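Trainee: Take this structure, written in structure tokens, and hold onto it; I'll ask about it next.
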Amino acid sequence: MDINSPLVERFFRYVKIDTRSDDESSTHPSTAKQRDLTKLLSEELIELGLTVDYDMEHCYIYAYLPSNDPAKALEDIGFIAHVDTSPAVSGENVKPYIIKSYDGHDELLNPKDFPELNNHLGEDLIRTDGTTLLGADDKAGIAEIMEMLSYFRNNPDVKHRGIAVAFTSDEETGNGTEFFDVARFHAKQAYTVDGGKFGVLEYECFNAAGATVEIQGRSVHTGSAKGIMINASRVANEFINLMPEDETPEATEGYEGFYYLDRIVSECDHARIEFLIRDHDLEKFEARKEFMKDAVFTINERYGMDLCKITIEDQYPNMIMYLKDHMDLVERAREAVKHAGGNPVSEPIRGGTDGAVLSSRGIPCPNLPTGGYNYHSRFEYASIPEMEKCLEMLVFLAQ
Ligand SMILES: [Zn+2]
């Protein structure tokens, strides 16, 4: 592997542009600086021969490269990545640094802290200087998509499908698809290129809902409270005690769902408890909602009045519901991983992806790896050989 590979050069160019999003902001994009990257990408896409439809207001790019196969036997395929980096860690003045032939000894990346590193001995890795994140999430994905396009540009004899590309903003604040215009995106099926370890394909995520429990207490002077006061804080505590203790994020893994107690705001007169409900299985997911409604009923019975109310709002669906009729997409991705010398594995996402929302809007969208690790952290790194394999995978999928 040549360290001065075009892919790595490209990746360095993108990570040096600060695109940190801001979850406190009420605008979209949440930070104007995300446009610094979309502007550059629009120009580069045009140079690569794509038609570019740039929604500057919302900071989205939709680009398209028609198929060069006169038979046009294959359907268009899409690739999607996001330009923003996590609000959690600074993305300013990122100084990517290459560790040549990683031997387990590095001031920042220690296999004791991050056992995954044992799988990367001997590889060339890219890390930060320890003060910022790297931005492999998701600029590794962007660089790989762009380099795939560059490959087809430089190898006009290689036949490819029509390729639709979208770069989105504010994925990290949960608003990545808010203004995504399906009609402006050329493909009817796509991949998000926003995963981690090479070989891992993601096409199942949680079903997600948020539940808010409101408790109306009765506040009176403590001196004359006997038999009159209803302390909403204490009722909130009772309610929480009705929830299963071992069905929490910290006690579950794999396909196990949970209730996450996200926030309690309470005083004697009124309390509000916010939960997140998560489950891969739709039936269990619905049962969790019913369980919470039953708990509300139990509390109201106990007090003989309707002092407790619940509202539940769905957040995102498990994408498998929409993908199960498009498993050829996943099958192709498995082939692509093997073609690039890897071993395809699927892992259920314990969260959601933009692909989940897009799948529900009619663009089935599994998630592909990028070769990045330790996302949203100063210890973020990327494996150069894995990035190269991810690039090979994309080239395969576009053919
Ligand atoms: Zn991401």
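The values are calculated or read from the model by the stated rules, or taken from the named source; none is laboratory data. Owing to the predicted nature of the structure, the values given are computational and were not obtained by experimental measurement. Using ideal geometry, Cβ is built from the backbone for each residue, glycine included, and neighbour counts are taken over all protein chains shown.
Trainee: Among (1) in a helix (DSSP H, G or I); (2) surrounded by fewer than 23 Cβ atoms within 10 Å (Cβ to Cβ); (3) under 22 Å from the mean Cα position of the chain (by Cα), there is one condition Leu358 misses while meeting the rest; what is its number?
Mentor: Here Leu358 clears every test but (2).
Trainee: Give all pairs with beta carbons closer than 6 Å in which a residue from the stretch 19-38 that is exposed (fewer than 15 other Cβ atoms within 10 Å of the Cβ) and at pLDDT below 95 meets a residue that is of a type in the set (Val, Ile, Thr) and part of a loop (DSSP other than H, G, I, E, B); count only pairs at least 6 apart in sequence or on separate chains.
Mentor: From the stretch 19-38, the pairs are Asp23/Thr173.
Trainee: I'm trying to understand the selection: among the residues of the stretch 19-61, which are hydrophobic (A, V, I, L, M, F, W, C) and closer than 21 Å to Arg184 by Cβ?
Mentor: Within the stretch 19-61, Leu37, Leu40, Leu41, Leu45, Ile46, Leu48, Leu50, Val52, Met56, Cys59, Ile61 qualify.
Trainee: Does Ala164 fit the bill of being under 30 Å from Asp53 (Cβ atoms) and within 16 Å of the ligand (Cβ to nearest atom)?
Mentor: Judged against the criteria, Ala164 is not a match.
Trainee: So, in the stretch 85-111, of the ones that are within 22 Å of the chain's Cα centre (by Cα) and among the aliphatic types (A, V, I, L, M), which residue ends up farthest from Gly122 (Cα to Cα)?
Mentor: The qualifying residue farthest from Gly122 (Cα to Cα) is Ala88.
Trainee: Still on this structure, please answer the following. Just to verify a result, which residue in the stretch 129-144, among those that are closer than 15 Å to Leu41 by Cβ and either at pLDDT below 95 or out of contact with any Lys or Arg (no Cβ under 8 Å at 6 or more places or on another chain) (or both), is farthest from the ligand (Cβ to nearest atom)?
Mentor: The first filter runs over the stretch 129-144 and keeps only residues closer than 15 Å to Leu41 by Cβ, leaving 135, 138-144.
Applying the additional criterion that residues be either at pLDDT below 95 or out of contact with any Lys or Arg (no Cβ under 8 Å at 6 or more places or on another chain) (or both) yields 135, 138-142, 144.
On the way: Gly135: 10, Asp138: 4, Lys139: 9, Ala140: 9, Gly141: 7, Ile142: 10, Glu144: 13 Å.
Among residues in the stretch 129-144 that are closer than 15 Å to Leu41 by Cβ and either at pLDDT below 95 or out of contact with any Lys or Arg (no Cβ under 8 Å at 6 or more places or on another chain) (or both), the one farthest from the ligand (Cβ to nearest atom) is Glu144.
Trainee: Applying the selection to the stretch 288-312, what residues are aliphatic (A, V, I, L, M) and surrounded by 13 or more Cβ atoms within 10 Å (Cβ to Cβ)?
Mentor: Within the stretch 288-312, Met292, Ala295, Val296, Ile299, Leu307, Ile310, Ile312 meet the criteria.
Trainee: Could we say that Phe185 is under 30 Å from Pro66 (Cα atoms) and either free of Cβ contacts under 8 Å to residues at least 24 places away in the same chain or touching a Leu at 6+ places or on another chain (Cβ under 8 Å) (or both) here?
Mentor: no
Trainee: Checking the conditions here, which among Glu172, Glu147 is charged (D, E, K, R) and at pLDDT 95 or above? Before you say what the answer is, go through the steps one by one.
Mentor: Working: Glu172 fails: at pLDDT 95 or above.
Within the list Glu172, Glu147, the selection yields Glu147.
Trainee: Can you find even one residue in the stretch 155-175 that is within 27 Å of Glu335 (Cα to Cα) and without any contact (Cβ under 8 Å) to a residue 12 or more places away in the chain?
Mentor: Within the stretch 155-175, one or more residues are within 27 Å of Glu335 (Cα to Cα) and without any contact (Cβ under 8 Å) to a residue 12 or more places away in the chain.
Trainee: Consider Asn110 against the criteria (1) among the polar types (S, T, N, Q); (2) free of Cβ contacts under 8 Å to residues at least 12 places away in the same chain; (3) surrounded by 14 or more Cβ atoms within 10 Å (Cβ to Cβ): it satisfies all of them except one. Which criterion is unmet?
Mentor: Result: Asn110 passes all but (3).
Trainee: Name the pairs: first residue in the stretch 114-125 and loosely packed, with under 11 Cβ neighbours inside 10 Å and among the acidic types (Asp, Glu), second residue outside any loop (DSSP other than H, G, I, E, B) and modelled with pLDDT under 95, Cβ to Cβ under 6 Å, at least 6 apart or on different chains?
Mentor: none
Trainee: While we're on this one: Restricting attention to the stretch 70-106, which residues are surrounded by fewer than 14 Cβ atoms within 10 Å (Cβ to Cβ) and at pLDDT below 95?
Mentor: Within the stretch 70-106, Pro70, Ala71, Lys72, Ala73, Glu75 qualify.
Trainee: Another one. Of all residues in the stretch 54-82, how many are acidic (Asp, Glu) and touching an Asp or Glu at 6+ places or on another chain (Cβ under 9 Å)?
Mentor: 1
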